[in-house]
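See structure below.
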Amino acid sequence: MSTTLMSGSSAPSLRSRLTRLAESATSPLVPADFLDLFAPLRAGADLRGRIEQITAETPDAATIVIRPGADWAGHQPGQYLRIGIDVNGVRQWRAYSLTHGPRADGRISITVKAVPDGLVSNHLVHEAVPGTLVHLEQAAGEFVLESDHDKLLFVTAGSGITPVIGMLRNLFPSTDKGVLKLDRSKDLDIVVVHVAPSEPDSIFLRDLQALDASGAIRLVARYDDVHGVLDVDDLADFVPDLAERRTLACGPAGLLDALGAHHERAGLELVIEQFRTTRVEPGDGGTVAFANGTTLDLDGATPILDAAEAACVLMPSGCRMGICMGCVLPMTEGSVRDLRNGQITTAIPGESGAIKVQTCINAAAGPCHLDH
């Protein structure tokens, strides 16, 4: 028995000595750092992906195909992921919808629309190149199809089509021979009302038109430069059986707010995915002090995250719309104002303790101190 114990204890000791020897030989790096160079997508590594293809969809939007690492757990159509990419030497995180269902080749894709002053979106659309390594988080989100509805209405606007196209591609795969109608989707009755500023600005228009031509969906395309801004009260004209359908919507906050009010009045079911938050009128700003000694005088309309980054303060971030909680920091003292609803959150030293706040949707509402 003593021999067995000695053998069992000596092996870990030998491994430990070999590891220490390797680490000392490669200091300040460790052996895992070298593995990251040669096999960054291996199992057990931090989850990463390699950009393999970038295809322009419109002048300001592109689909990015990524080979994910071995530990990618998969996703449901309609979900999003957080992607981290280094821009000007700083790692930035953003959330983007996945625009395919599970693919046979194991790749994943996102479609990014470059927005004005969008640091990451402009970088991905106009500057990123195949071969670039990006950091990934596992897929998340509840904007997915349920199996108990066979009559559906999708209402999308602009880049709000991205999670919906992932669902549609999964239901009706396209091949060289046309759109396939699978058993899982043969009984579905789907109408898509898609809004865009103009036809050339309509992301995935060819995909939607092909699905419409095949009979997989009925497409109602609305272009602001032709039809004017969509009035949600006109939906019943486009979709006479609106009351029989489950509505899923994704797009700008204004459209979703109007749709929400419309469906609530009519007693209709609505599921939404929102990329940007609706903001209330700005209130008072204040001085934001960080634990590292940085102090900023901020207005009451700018999210703390945006203002801090503009002042070159490194901040954790994620979706930037109050969902993923990637930007949360402890506030040890002071008040902030939620730009979505105007709610004030206050931390009182010795009374409330530190309170976690989402810096992407909160602005200063007086002096406050963040532990960062």
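The values are calculated or read from the model by the stated rules, or taken from the named source; none is laboratory data. Everything numeric here is computed off the predicted structure, so don't read it as measured data. Neighbour counts are summed over all protein chains in view; Cβ atoms, including those assigned to glycine, are modelled from backbone coordinates with ideal geometry.
Some notes on this structure:
- Annotation note: of L248, L188, the sole residue that is surrounded by 14 or more Cβ atoms within 10 Å (Cβ to Cβ) and closer than 23 Å to A266 by Cα is L248.
- Screening A114 against (1) more than 16 Å from G166 (Cβ to Cβ); (2) at pLDDT below 90; (3) under 16 Å from the mean Cα position of the chain (by Cα) leaves a single unmet condition, (2).
- Test set (1) buried (at least 18 other Cβ atoms within 10 Å of the Cβ); (2) in contact with a Pro (Cβ under 7 Å, 6 or more places away or on another chain); (3) assigned to a helix (DSSP H, G or I); (4) not polar (S, T, N, Q) - D225 fails condition number: (1)
- Against the criterion of being buried (at least 17 other Cβ atoms within 10 Å of the Cβ) and small (G, A, S), G285 qualifies.
- Long-range neighbours under 9 Å by Cβ, at least six apart or interchain, first residue farther than 19 Å from W72 by Cα and touching a residue at least 24 places away in the same chain (Cβ under 8 Å) within segment 50-61, second basic (K, R) and buried (at least 18 other Cβ atoms within 10 Å of the Cβ): E57/K113; T58/K113; D60/K113; A61/K113
- Of the residues in segment 26-35, at least one is at pLDDT 65 or above and surrounded by fewer than 20 Cβ atoms within 10 Å (Cβ to Cβ).
- Residue tally, condition closer than 12 Å to I85 by Cβ and among the acidic types (D, E), over segment 125-154: 1
- Yes/no for T295 being out of contact with any helix residue (DSSP H, G or I) (no Cβ under 8 Å at 6 or more places or on another chain), farther than 30 Å from A258 by Cβ, of a type in the set (V, I, T) and surrounded by 14 or more Cβ atoms within 10 Å (Cβ to Cβ): no
- Total residues in segment 296-337, condition under 29 Å from L136 (Cβ atoms), outside any helix (DSSP H, G or I) and of a type outside the set (V, I, T): 18
- In this structure, V120 does not satisfy being of a type in the set (V, I, T), part of a loop (DSSP other than H, G, I, E, B), within 22 Å of the chain's Cα centre (by Cα) and at negative phi.
- Checked against the criterion of being in contact (Cβ under 8 Å) with a residue 40 or more places away in the chain, among the aliphatic types (A, V, I, L, M) and in contact with a His (Cβ under 8 Å, 6 or more places away or on another chain), the candidates A140, A95, A114, A128 yield just one match: A114.
- Given (1) outside the structural domain of A73 (by TED's automatic domain parsing); (2) buried (at least 20 other Cβ atoms within 10 Å of the Cβ), index of the condition D183 fails: (2)
- Among the residues here, V280 does not qualify as surrounded by fewer than 17 Cβ atoms within 10 Å (Cβ to Cβ), over 23 Å from the mean Cα position of the chain (by Cα) and at pLDDT below 95.
- Enumeration of residues in segment 90-141 that are farther than 24 Å from A310 by Cβ and of a type in the set (D, E, K, R): R103, D105, R107, E137
- Of residues in segment 139-185 being part of a strand (DSSP E or B) and aliphatic (A, V, I, L, M), the one modelled with the lowest pLDDT: V179
- Odd one out for D201, checked against (1) under 29 Å from I83 (Cα atoms); (2) of a type outside the set (A, V, I, L, M); (3) part of a loop (DSSP other than H, G, I, E, B); (4) free of Cβ contacts under 8 Å to residues at least 12 places away in the same chain: (4)
- Pairs with Cβ under 6 Å, 6+ apart, first in segment 146-175 and buried (at least 24 other Cβ atoms within 10 Å of the Cβ), second in a strand (DSSP E or B) and among the acidic types (D, E): P163/E273
- Test result for D371, closer than 30 Å to I165 by Cβ and among the charged types (D, E, K, R): no
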